[in-house]
Amino acid sequence: MKNIVVLGSSGSIGKNALWVISRFPEEFNVFGLSVHRDTRTLLSQIKEYRPRAVCVSYKDRAEALGSPLPEDTELFAGPNGLEDLASHPDVDIVLNAVSGFAGLRPTLAAARAGKRVALANKESMVAGGELVNKTVAEYGAEIIPVDSEHSAIFQCLKAGNNKEVRRLILTSSGGPFREFPKEKMSEITVEQALNHPTWKMGKKITIDSATMMNKGLEVIEAVFLFSLPPEKVDVVIHPQSFVHSMVEFIDGSIIAQLSKPDMCLPVQYALFYPQRREMNRADLDFTDRFSLEFEPPDNVKFPGVELAREALKRGGTAPVVFNASNEAAVDAFLNRKIKFTDIFHIVEKTMNKSGSIDVDSIESIMEADKNGRKIAEEIINGIRP
Ligand code: MG
């Protein structure tokens, strides 16, 4: 019996994870759950899964949650609570589905405690890639990617060794604006941007998919997860989202992983790895006619991937700033303070203004994140009518 903690249990990955876990009651136990502020969902999950510990990372709500908790359930709160839960000695697997930069410290805490981290929080690798890798190696932890593209690559890599890899090919649906006229991009509304064609996800990642900043984040994530240089990570548009990513080997063979888009599959793979278990909800039906299309990305209309490559080139804390300014810009867009296309300008300007220093500790990452957000906020306030 393995004890699992699901960080971010009220989000779409968190709910998928609980669905997967509940199918294997002989093998998995929901040890802990965390939400940021959605205590309503947390309370219903507590009733259903009877976890030993829960955490509300938005502290005030944690205090409000205090009274109706079952007596044997331990309550953690705040960002430190997330770390305490992720590194609890009785825990075997930490599924990190926290949204954004806030996921980094729990990933590091779990790694220091030698856990398996089923990682859905890409920002952990974007902002802390080097430090996370070092910590994982030092404490004998392991990271199994849950991001669908990286889970695909992780699976495809089994077909050869790392030296035989020519390149990784990350697929992208292209988002809802793949065919949208470039000159109208600045008029895109929040409602339009929240309507993703193939995946149902939280707001932050849905906007990131619409801008394709998500693919930029995923290029950085892949570079650190698989320890490959950025020039070996390519992006291709694939509107059907059936091919989740591919690996090309030096002899020209390309190995791909396919299924219907469904996050339960990468979640289950990460929990059971190296084993596989029965599941049917992501099956592709070849008795139905369908086609797979591929096309190169439009890096002028969607500069996110190029900005991410620039951040990798600058190195050090530049990816931290790339992420921080994007989080600030997405927030501002969702609050209708800026235009859709301002997101790119804000990230570019913030990166140019902040420069980059070496990453030698969590403190330097936290500082670069704080600073990046501050500069981005200044730029956002300058844009505001
Ligand atoms: Mg992804």
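The values are calculated or read from the model by the stated rules, or taken from the named source; none is laboratory data. All values reported here derive from a predicted model rather than from experimental measurement. Cβ placement follows ideal geometry from the backbone for every residue including glycine, while neighbour counts extend to all protein chains displayed. The accessibility values were calculated without ligands, DNA or RNA, using every heavy atom of the protein model including side chains. Shrake-Rupley method; radii C 1.70, N 1.55, O 1.52, S 1.80 Å.
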### Task
Consider only pairs whose beta carbons are under 6 Å apart and that are at least six residues apart or on different chains; among these, list those whose first residue lies in region 196-220 and is assigned by TED's automatic domain parsing to the domain that holds K232 and whose second residue is within 12 Å of the ligand (Cβ to nearest atom) and among the basic types (K, R).
L217/K122
### Query
Is it the case that region 141-149 has a residue that's within 15 Å of the ligand (Cβ to nearest atom), out of contact with any Leu (no Cβ under 7 Å at 6 or more places or on another chain) and outside any strand (DSSP E or B)?
yes
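Conditions (1) under 23 Å from N326 (Cα atoms); (2) open to solvent by less than 20 Å² (accessible area, probe 1.4 Å); (3) within 13 Å of the ligand (Cβ to nearest atom), marked per residue:
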position: I207; (1), (2), (3): yes, yes, no
position: E218; (1), (2), (3): yes, yes, yes
position: Q240; (1), (2), (3): no, no, no
position: G252; (1), (2), (3): no, no, no
position: L265; (1), (2), (3): no, no, yes
position: R276; (1), (2), (3): no, no, no
position: E293; (1), (2), (3): no, no, no
### Task
Output the number of the condition that V98 fails; it satisfies all remaining conditions of (1) open to solvent by 10 Å² or more (accessible area, probe 1.4 Å); (2) in contact with a strand residue (DSSP E or B) (Cβ under 6 Å, 6 or more places away or on another chain); (3) over 21 Å from M213 (Cβ atoms).
(3)
### Task
Working carefully through the options A127, A120, find the one that is among the aliphatic types (A, V, I, L, M), open to solvent by less than 60 Å² (accessible area, probe 1.4 Å) and away from the ligand (no atom under 14 Å from the Cβ).
A127
### Summary
For region 130-140 the number of residues that are of a type in the set (V, I, T) and either within 11 Å of the ligand (Cβ to nearest atom) or more than 17 Å from the chain's Cα centre (by Cα) (or both) is 2
### Query
Given (1) surrounded by fewer than 22 Cβ atoms within 10 Å (Cβ to Cβ); (2) within 16 Å of the ligand (Cβ to nearest atom), where does C156 come up short, assuming only one miss?
(1)
### Task
May I ask you to verify whether S57 is open to solvent by 60 Å² or more (accessible area, probe 1.4 Å), closer than 25 Å to V330 by Cα and among the polar types (S, T, N, Q)?
no
### Message
Filter region 63-83 down to the residues that are surrounded by fewer than 20 Cβ atoms within 10 Å (Cβ to Cβ) and closer than 10 Å to G32 by Cβ and list them by number.
### Response
T73, E74
#### Entry: Meets criteria (surrounded by 16 or more Cβ atoms within 10 Å (Cβ to Cβ), within 25 Å of Q268 (Cβ to Cβ) and either at pLDDT 95 or above or in contact with an Asp or Glu (Cβ under 7 Å, 6 or more places away or on another chain) (or both)) for I188
no
### Query
Given the conditions (1) buried (at least 17 other Cβ atoms within 10 Å of the Cβ); (2) within 15 Å of K204 (Cα to Cα), and given that R309 satisfies all but one, which numbered condition is not satisfied?
(2)
### Query
Any residue in region 237-259 that is aromatic (F, W, Y), assigned by TED's automatic domain parsing to the domain that holds V305 and modelled with pLDDT of 95 or more?
yes
### Query
Only one of (1) more than 18 Å from the chain's Cα centre (by Cα); (2) open to solvent by less than 20 Å² (accessible area, probe 1.4 Å); (3) within 15 Å of the ligand (Cβ to nearest atom) fails for M246. Which number is that?
(2)
